[in-house]
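Written out below as structure tokens is the structure these notes cover.
The values are calculated or read from the model by the stated rules, or taken from the named source; none is laboratory data. Just so you know, these numbers come straight off a predicted model, no measurement behind them. Ideal geometry is used to build each Cβ from the backbone, glycine not excepted, and the neighbour counts take in all protein chains shown. Ligands, DNA and RNA are excluded from the accessible area calculation, which covers all protein heavy atoms including side chains. Shrake-Rupley method; radii C 1.70, N 1.55, O 1.52, S 1.80 Å.
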Amino acid sequence: MTAYYSFLGLILQGLLVNFLFAITPAEGQNLRDVKVSVNVVNVSLEEALQIIESKTNFKFIFFEEGLPLKEKATVIVDEESLYNLLEVFAKDYGLTFNRINDQIVVRKNQGQTENLVSATESGTIKGKVTDAKTGEGLVGASVAIKGTNRGASTDLTGNYTIDNINAGKYTLVVSCVGFKSKEATVNVVTNETTGLNFQLDATEINMNEVVITTSTVLPTAVKKLPNTISIITPREIENINPPNVVDLIRLTVPGAVYTVEGPGKTYGSFSVRGVSSFSGSASTMKVYIDGVEASDPAYITYLDPSVIDHVEVVPGPQASTIYGAGAISGVMQIFTKHGIVGDLKLSGKVGMTSIDNKYIGNNTAIGNELALNGSGGISFMTYNVGVNYQNEPKWLNQFEQSSLNLTGSGNFNVGNFSGTLSLNYSKTDGLNSENPLYKQLCTSIGIPYSMDYFENSIYKTYGLTLSYKLNENWSHNLTLGYNTLNGFVGDRVASTSNNRYYILESRTERYTTSYNTSYQTKIGENTDGSITLGADWTQYAHPFYEDSVANRTNYNFVDQNTGYVINKGFYGQALVSVNNFLFFTGGLRADKNPSGADNSYTWSPRLGLSGVYEVEKWMVKGRVAWGQSVNIPDASEVTGMVASTYTILPNAGLLSEIQKGWEIGADLYYSSILSLGLTYFNQHPTNLIESVLMGTDVQGNPIYQYQNVAEVKNEGFEIKAVTHPFDWLTLNLNYGTTKSTVTQLRPEYTGTSKVGDQLTGQPQHTLSLNLEIIPFEGTSVTISAFQFGEWIGSDFYGYFADMYSGNYNPVIKEYPSGYLMTYPSYLKINFGVSQKITNQLSGYIQVTNLTNTDKFERINLIVTQPRTVLFGFRFSGITL
């Protein structure tokens, strides 16, 4: 069949066709405006299309078999519209043409008589989302087109792009963690880019706040999550101005039990939702700093809190599906600050600290803090660097401590490839303080007391995250990192008996490698879904050397704890959204750890469902979640060990600790005025491991064995309420209560725990309150309080008194069961005022432990820090 085209015939036929036109700015021509001249006779249709390709910037794509490409065609036209030419081809050969950018897809006509030549008329929306207060770009903000599933997330500089949007008027909704959502309308014009920027105001309430990684890996709105999550925003951190991570967590996370373990920088005892370990102060939560797993969660107290941007905490076993063995009580992610595009901007503070004179006579304890931070960058790269020096007040005899904290981060974004490099370094030096409680104990039993030694530590985290977005729906992420705490303790003065120095040098270190890939897709007309697959590898080691040496600065380190533990994990997780109303979550993880006693693989599944109903400014959310997590025993707990002062018997049958359980809850939101969350949880840790006293050797040294107890029940409630009824008032309330009870014992267990026992260390309740009042513009008053209910714990004072005096007899009174006591409830109140002086300068004063309470936080041999006053000046936004 041949065809001869006349100019008049083409024009008349073109009037019958409507089409949609898809194009990018690089291919901005309409098919009607593209003119071609062709003069070929009796060639194949395929050859004719190839000639047209050579005369335009378009390429024909053939997706179907059986197209009449070999049939003959004659084309004689001069400066004819490409649209009209294709329209006649479509009618004469039974085809349809669909333009997508610079490609024209050719298919068979399935009987349609219109839109034979089609495309999509589209444009692009671009813009930037910034913090209204600071002007900084907001990373990970969600920009959605209302009523559709189209949208984008902002990059490292706060920019976003939404391509291929049909021409017309739309409403964009922007949301970000810790900021009020905002809407704006935009008119998209064909073949044009429309700019729309947003400035968001900070708030503690956001119905659609986005979680970066902790619960789902993918940035996900909180309303889609079936489990509880606490997000500590930059605004909360600024208001609390925490002296350490401990204060930050226990003032913001319902049910969090976090205690200070002595003066200066030291470890913190951290738990949530009851007792899930018999190992005392060990943390059963996993902690990550910029995606890098902490070598020991108890030592994140060494991290400088001024570098923290925001924190996410997921309690319970559900997060283990992604983060693996060891997260038996939950996961905490700490994200440090990053730079913004623009000229170098400086910020910092100069402050002093004064502690009440309570333990050192007439000496006034004074310390100081100096901090300087710089950030800036260009369009595809930003940086942030900072230095912080602190000299702690000397509020106990001999106590001296100074810290140098360095931080740095770099972010880049080139096309679909982005990455972040973060470095955090903290060096602490000082003299160990005299403990007045220990001194009192030693004096009472007539033995000498000496604490004449020094200690220093270096806490470091290095992290590199690389992300590649293959397309709008498919992303890849790789994280490499290292975290360590190097500690050294040594005598200041040589022993008079042998002229040697006691030293202890130790290091906890962990290497992290993790990869995940996520794909999001539309399953049906009203159903969206995503799937994430991932794998990770960690290596943990704890080398140490303890000895008496002739030279404390020059000795041969001999590792007395050789070896390391490697953990490998693999997981998959899926999320399904139906009508933006029901949200399903399901996943499974396998961990392989050769130190596991019962089997080489452990499993961590999770299931969850949440439903959201929105009416105008109200949103009600119901949720239920179930999960399981595993804690694998250390190799030494299985194989045993012999030390100079004790022996651990082997236990080849030792099982991994498992916590499984569920939570059910409801959340109520009203605009940016009210957020109320209620949660009930019922979790069952099984096979919890306890160190059981088996007797003594011939020298009288104790012999222990690690045994599985059986089952414990952790049951309780959590309440989190935030209200912002007026511009000048914000109230944040957190409450948690947990009952931890032994419900079953294993037949082979020989310890002292009994069915019905209430486990030690768990308070009757925790309550925290944060209140911010802005009485005048530029003035901010904050009041925060934390109450720790009564709890059962060991009488350490009595135990050590018996030990040091030689009166300890485990047959008559065994530790710890024979030394249990009830500790009284305590309340800590903090008060602060910040006053704006200029746009770039403000003054502050903050009082911690306002009532000067000296009640114990965990054990009765740790001194509580008295009333402390911090005051100074902050500056920000100084451009160089």
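Taking segment 531-592 and the strands (runs of 3 or more DSSP E) fully enclosed by it, the elements with 1 or more residues that are within 30 Å of VAL612 (Cα to Cα) and open to solvent by less than 70 Å² (accessible area, probe 1.4 Å) are at 565-578, 582-592. Taking the numbered list (1) at pLDDT below 80; (2) in a strand (DSSP E or B); (3) open to solvent by less than 10 Å² (accessible area, probe 1.4 Å) in turn, THR216 passes all entries but (2). With respect to the stated conditions, LEU372 is free of Cβ contacts under 8 Å to residues at least 60 places away in the same chain and closer than 30 Å to THR157 by Cα. Taken over segment 225-277, the residue count meeting the criterion of being among the basic types (Lys, Arg) and closer than 19 Å to HIS310 by Cβ is 2. Across segment 260-276, the qualifying residues are those that are outside any loop (DSSP other than H, G, I, E, B) and either touching a Cys at 6+ places or on another chain (Cβ under 8 Å) or at pLDDT below 85 (or both), and the one among them that is nearest to GLN762 (Cα to Cα) is SER271. Tally the residues that are in a strand (DSSP E or B), modelled with pLDDT under 95 and more than 17 Å from THR220 (Cα to Cα), restricting the search to segment 595-615. Residues that pass the stated criteria total 7.
Restricted to segment 783-819, and to residues there that are among the small types (Gly, Ala, Ser) and more than 30 Å from LEU729 (Cβ to Cβ), the residue that is nearest to the chain's Cα centre (by Cα) is GLY793.
When VAL246 is tested against (1) touching a strand residue (DSSP E or B) at 6+ places or on another chain (Cβ under 7 Å); (2) at pLDDT below 90; (3) β-branched (Val, Ile, Thr); (4) open to solvent by 10 Å² or more (accessible area, probe 1.4 Å), only condition (4) is not met.
Of all residues in segment 641-669, those satisfying the criterion of being surrounded by fewer than 17 Cβ atoms within 10 Å (Cβ to Cβ) and in contact with a Leu (Cβ under 9 Å, 6 or more places away or on another chain) are ALA666, LEU668. Taking every residue in segment 857-880 that is within 18 Å of ILE837 (Cα to Cα) and pairing it with any residue that is of a type in the set (A, V, I, L, M) and crowded, with 16+ Cβ neighbours inside 10 Å, at least 6 positions away or on another chain, the pairs with Cβ-Cβ distances below 6 Å are ILE878/LEU346. LEU437 passes every criterion in (1) in a strand (DSSP E or B); (2) open to solvent by less than 70 Å² (accessible area, probe 1.4 Å) apart from (1). Within segment 604-623, the residues that satisfy the criterion of being among the hydroxyl-bearing types (Ser, Thr, Tyr) and open to solvent by less than 60 Å² (accessible area, probe 1.4 Å) are SER604, SER610. Here is the figure for segment 743-771: residues that are among the hydrophobic types (A, V, I, L, M, F, W, C) and within 32 Å of the chain's Cα centre (by Cα) total 4.
Name the single residue, out of those in segment 724-742 being open to solvent by 40 Å² or more (accessible area, probe 1.4 Å) and touching a residue at least 40 places away in the same chain (Cβ under 8 Å), that is nearest to the chain's Cα centre (by Cα). Going through the qualifying residues, I end up with TYR735.
So that you can scan it fast, the table gives a plain yes or no per residue for (1) open to solvent by 50 Å² or more (accessible area, probe 1.4 Å); (2) polar (S, T, N, Q):
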site: VAL331; (1), (2): no, no
site: ILE334; (1), (2): no, no
site: LYS349; (1), (2): no, no
site: SER354; (1), (2): no, yes
site: TYR359; (1), (2): yes, no
site: ASN368; (1), (2): yes, yes
site: GLY374; (1), (2): no, no
site: SER379; (1), (2): yes, yes
site: ASN388; (1), (2): no, yes
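Counting only residues that are part of a strand (DSSP E or B) and in contact with a Pro (Cβ under 6 Å, 6 or more places away or on another chain), segment 772-815 holds 3 of them.
One residue is enough: does segment 89-109 have a residue meeting the conditions open to solvent by less than 30 Å² (accessible area, probe 1.4 Å) and in contact with an Asp or Glu (Cβ under 6 Å, 6 or more places away or on another chain)? No, segment 89-109 contains no residue that is open to solvent by less than 30 Å² (accessible area, probe 1.4 Å) and in contact with an Asp or Glu (Cβ under 6 Å, 6 or more places away or on another chain).
Can you say whether LYS813 is surrounded by fewer than 16 Cβ atoms within 10 Å (Cβ to Cβ) and out of contact with any Ser or Thr (no Cβ under 6 Å at 6 or more places or on another chain), as far as the supplied structure shows? Judged against the criteria, LYS813 is a match. Among the residues that make up segment 624-635, is at least one of them open to solvent by 60 Å² or more (accessible area, probe 1.4 Å), modelled with pLDDT of 85 or more, outside any strand (DSSP E or B) and closer than 30 Å to TYR564 by Cα? Looking for residues that are open to solvent by 60 Å² or more (accessible area, probe 1.4 Å), modelled with pLDDT of 85 or more, outside any strand (DSSP E or B) and closer than 30 Å to TYR564 by Cα, one finds none in segment 624-635, hence no. Is segment 486-497 home to any residue that is free of Cβ contacts under 8 Å to residues at least 12 places away in the same chain, of a type in the set (Gly, Ala, Ser) and in a loop (DSSP other than H, G, I, E, B)? Within segment 486-497 (the criterion being free of Cβ contacts under 8 Å to residues at least 12 places away in the same chain, of a type in the set (Gly, Ala, Ser) and in a loop (DSSP other than H, G, I, E, B)), the answer is yes, since at least one residue qualifies.
Restricted to strands (runs of 3 or more DSSP E) entirely inside segment 677-735, those with at least 1 residues that are touching a Pro at 6+ places or on another chain (Cβ under 8 Å), closer than 30 Å to GLN787 by Cα and of a type in the set (S, T, N, Q) are 710-726. Could you tell me whether THR161 is in contact (Cβ under 8 Å) with a residue 12 or more places away in the chain and part of a strand (DSSP E or B)? Here the answer is yes, as THR161 does meet what is asked.
Yes/no per residue for (1) among the charged types (D, E, K, R); (2) at pLDDT 90 or above:
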| residue | (1), (2) |
| --- | --- |
| TYR804 | no, no |
| ASN807 | no, no |
| LYS813 | yes, no |
| ILE829 | no, yes |
| ASN839 | no, no |
| SER842 | no, yes |
| ASN849 | no, yes |
| VAL863 | no, yes |
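Of everything in segment 399-428 that is surrounded by fewer than 18 Cβ atoms within 10 Å (Cβ to Cβ) and touching an Asp or Glu at 6+ places or on another chain (Cβ under 8 Å), the residue that is modelled with the highest pLDDT is SER402. All of THR521, THR479 fail the test of being open to solvent by less than 80 Å² (accessible area, probe 1.4 Å), assigned to a strand (DSSP E or B) and modelled with pLDDT under 90, apart from THR521.
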